[in-house]
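Here's the structure, in C-alpha cells; my notes come after.
The values are calculated or read from the model by the stated rules, or taken from the named source; none is laboratory data. Computed from a predicted structure; not experimentally measured. Positions of Cβ are backbone-derived with ideal geometry, glycine not excepted, and every protein chain shown enters the neighbour counts.
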Amino acid sequence: MNKPTHSAFANTAEEAIAAQDALDGPMTSEKATEVAMQNTLLTPRFYTTDFDEMDAIDVTPVRKDWDILIEQMRADPNKGHFKKNEDWDDVDWDGMEPALKAEFIDFLISSCTAEFSGCVLYKEMKRRGSNKDITELFQLMARDEARHAGFINDALREAGIRVNLGFLTQQKKYTYFRPKFIYYATYLSEKIGYARYITIFRHLEENPEMRFHPIFKWFREWCNDEFSHGEAFALLLKTDPKLTTSFQNKLWIKFFLTAVYSTMWVRDHQRPVFHEALGVDVTWYGQEVFRKTSEITKQVFPITLDIDHPRWRPNLDRMEAASRQVAAAKARGGVMGMISRIGGMAKAATAFAAVFTIPAHKNAVPANPRLKPAY
Ligand SMILES: [Fe+2]
Ligand SMILES: [Fe+2]
C-alpha cells in the first residue's frame, strides 16, 4: 500500500507523523519546537501511565455503546478533511499586526502541542496493549490527533515555522499520571476541547468578517472528533462505578475540574489581542466554555463547579495576575526575582484554594452516558 503523502489521509498516527516530517526537508524551526518543549503549569504536557492497568479494562458493562462508538470512529468520516483545500484563504502573515501574529502563533504552537500530546499518549497505549478493544480505540484516537496536529503544522508552516513532531516525541519530558487521573484529565480535556472549538466556530459563523485565518473554518468537524474521544473516555469511566462515586474520587474530579478550568482561564487571558481580533470577549468565552463543558460532563461526573459563585471569577483573575507576576519575576531573576516568584506562587495557591472550596453542584448521573454533539 502506498504511504499517504499528507497526514489528513493517514490511517495511523505513525503514518501521519511521517508524512508531516517528510514535508519539511531541511527547514528547521527551533523556536517553535523550543516553545512546544516547555513544561510549566500552563503549557501542554506529555503523559505516560501504567499501560498494563489500562490494558486490563473490561468494556463488557458498556459493550453495546462501545461497539456503536468504535464503529463510528472506524468509518472515519473525517478522513482527508484536515488538509488545505479551495476553502483555504491566503494568509498575509507579513502584513499581520505583530502583536496579533505573536499571540496567534503562540496559540497555534500550544494547540499543536496539546493535540500531539493526546497522540503520543494514545499511540503508546496502542503499542503497549494487547486488549483488542482498548488498542483499537487508542489507535483510532491517535490517528485523529496526529491529523489535527499535522493540520496546525500546515498553518504554521506558512508562517515559516513548524513544530518538529518526531523530535518532540523523543525529547519532551513525560509526566506520569495514574490511569484514573488520565481518565479524568483526558475526558475533560477532550470535552473542553470540543466546547472551545465549537464556541469559536459558532461565533465566527455569526461574524464571518472576524475570521482572520482560514483554520477556523475547519473547527466543526474538528470538534466532532474531540467529542467522540470524550465519549470513549465517558464509557471507560462507566466501566468502573467507583471512579465516579467514591468520596475520594469525587474530590479528585473536583480537583481536575478546577485545575483544567483555571488553567484555561489564565492561558486565554494571556492572549488579549488574539481574542480581540476574533471579536471574542475572553471572559465571556471562558464562562461560556465552562457552561457547555459542565452541561456535557453531567453525563458522567457526579458534580459540576459553581461557576456563578461570587468567589469564582475574582479568584480566577487573581490566579491570572499571580501567573503574570511569576513570569515577570522569572524574567527578572536574582534574589528579588526569586522572592517575587515565591510570592506569586503563594498568591496563585491561595486563589486556587478559594475556588476549590466553593461548594459544588450535585448531579444525578444518568445510567447511559452517551451524548450527541448538540452545540
Ligand atoms: Fe484533537
Ligand atoms: Fe481528541
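For the reader, a short list of remarks on this structure follows.
- Test: residue in segment 298-311 that is out of contact with any Ser or Thr (no Cβ under 6 Å at 6 or more places or on another chain) and assigned to a helix (DSSP H, G or I): no
Yes/no matrix, rows are residues, columns are (1) in a helix (DSSP H, G or I); (2) closer than 21 Å to GLU221 by Cβ; (3) of a type in the set (Val, Ile, Thr); (4) modelled with pLDDT under 95:
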residue: MET141; (1), (2), (3), (4): yes, yes, no, no
residue: PHE151; (1), (2), (3), (4): yes, yes, no, no
residue: VAL163; (1), (2), (3), (4): no, no, yes, yes
residue: GLY166; (1), (2), (3), (4): yes, no, no, yes
residue: THR169; (1), (2), (3), (4): yes, no, yes, yes
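- Any hit, segment 212-234, residues being in contact with a Gly (Cβ under 8 Å, 6 or more places away or on another chain), among the aliphatic types (A, V, I, L, M) and either within 16 Å of ligand 2 (Cβ to nearest atom) or touching a residue at least 60 places away in the same chain (Cβ under 8 Å) (or both): no
- Total residues in segment 195-233, condition within 12 Å of ligand 1 (Cβ to nearest atom) and farther than 25 Å from VAL273 by Cβ: 8
- Take the conditions (1) among the charged types (D, E, K, R); (2) surrounded by fewer than 24 Cβ atoms within 10 Å (Cβ to Cβ); (3) under 22 Å from GLY230 (Cα atoms); GLU115 misses just one of them, which is (2).
- Selection status of LEU204, of a type in the set (A, V, I, L, M), over 17 Å from the mean Cα position of the chain (by Cα) and away from ligand 2 (no atom under 16 Å from the Cβ): yes
- Any hit, segment 157-165, residues being under 30 Å from PRO302 (Cβ atoms), crowded, with 17+ Cβ neighbours inside 10 Å and more than 16 Å from ligand 2 (Cβ to nearest atom): no
- GLY95 meets each of the listed conditions (1) in a loop (DSSP other than H, G, I, E, B); (2) over 30 Å from PHE181 (Cα atoms); (3) touching a helix residue (DSSP H, G or I) at 6+ places or on another chain (Cβ under 8 Å) apart from (3).
- Boolean, THR12 is under 28 Å from VAL266 (Cα atoms) and among the β-branched types (Val, Ile, Thr): no
- Any hit, segment 78-85, residues being more than 21 Å from the chain's Cα centre (by Cα) and in contact (Cβ under 8 Å) with a residue 24 or more places away in the chain: yes
- Any chance ALA149 is touching a Pro at 6+ places or on another chain (Cβ under 8 Å) and within 11 Å of ligand 1 (Cβ to nearest atom): no
- When the test is whether a residue is modelled with pLDDT under 95 and acidic (Asp, Glu), ASP133 does not pass it.
Conditions (1) among the aliphatic types (A, V, I, L, M); (2) surrounded by fewer than 22 Cβ atoms within 10 Å (Cβ to Cβ), marked per residue:
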{"residue": "ASN131", "(1), (2)": "no, yes"}
{"residue": "LEU137", "(1), (2)": "yes, no"}
{"residue": "ARG147", "(1), (2)": "no, no"}
{"residue": "ASP154", "(1), (2)": "no, yes"}
{"residue": "TYR184", "(1), (2)": "no, no"}
{"residue": "TYR187", "(1), (2)": "no, no"}
{"residue": "PHE212", "(1), (2)": "no, yes"}
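- Check on TYR187, hydroxyl-bearing (Ser, Thr, Tyr) and within 16 Å of ligand 1 (Cβ to nearest atom): yes
- Flag for THR60 being of a type in the set (Val, Ile, Thr) and at pLDDT 95 or above: yes
- Top-ranked residue in segment 62-90 [being assigned to a loop (DSSP other than H, G, I, E, B) and among the polar types (S, T, N, Q); ranked as nearest to PRO369 (Cα to Cα)]: ASN78
- Residue count, segment 3-21 (criterion: polar (S, T, N, Q) and assigned to a loop (DSSP other than H, G, I, E, B)): 3
- Residues in segment 345-371 that are touching an Asp or Glu at 6+ places or on another chain (Cβ under 9 Å) and not hydrophobic (A, V, I, L, M, F, W, C) were compared, and the one that is farthest from ARG267 (Cα to Cα) is ASN368.
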